[in-house]
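Coordinate-derived values only; no laboratory data. Not measured: the values here are computed from a predicted model. Virtual Cβ from ideal backbone geometry, glycine too; neighbours counted across all protein chains shown.
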Amino acid sequence: MAWQVFALGSAFFAGLTAIFGKLGVAGLNSNLATLIRTLVILTMIAGVVTLRGEWQMPRTLEWRAVGFLILSGLATGFSWLLYYRALQLAPASLVAPIDKLSLAFAIVLAVVFLGEAVTLKLVLGGMLILAGVLILAWP
């Protein structure tokens, strides 16, 4: 059950991200706010890697994996830029639910690109996420 604990912690801190982000972009350019956030994350992760002694290069470096990590980083960057701009323009209680449509997108993309199984549970859960977002974020 360890992965569920990490996932729940991730969700909690993502929720804090919306609140702190909304407060942080008040009166500040959203792109600059994203840069500041990114620098903090970079510093924090570098500290974790240093404390854990994980700076070693892997024996073999798979360039395909590195390429996908680069694409993931670009997707994260675009997500953050758009998220912070949305927080400048609307209440966090409306922006955050729409942002969580990433769950539904991830489900569809995992099925299409990773070949993950489509189950009734998966479809029902995805539909409930979509319904929740529509109820919360649109009048």
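Output the residues belonging to the stretch 112-139 that are exposed (fewer than 11 other Cβ atoms within 10 Å of the Cβ) and within 18 Å of residue 93 (Cα to Cα). Result: 131, 135, 138, 139. Would you please name the residue that is nearest to residue 135 (Cα to Cα), looking only at residues in the stretch 88-122 that are of a type in the set (A, V, I, L, M) and not in a helix (DSSP H, G or I)? My answer is 101. Does the stretch 80-102 contain any residue that is on the phi < 0 side of the Ramachandran plot, β-branched (Val, Ile, Thr) and touching a residue at least 24 places away in the same chain (Cβ under 8 Å)? Yes; the residues of the stretch 80-102 include at least one that is on the phi < 0 side of the Ramachandran plot, β-branched (Val, Ile, Thr) and touching a residue at least 24 places away in the same chain (Cβ under 8 Å). Taken over the stretch 9-60, residues that are over 26 Å from residue 78 (Cβ atoms) and surrounded by 10 or more Cβ atoms within 10 Å (Cβ to Cβ) amount to 1. Here the condition is being in a loop (DSSP other than H, G, I, E, B) and β-branched (Val, Ile, Thr); of 43, 34, 60, 38, it holds for 60 alone.
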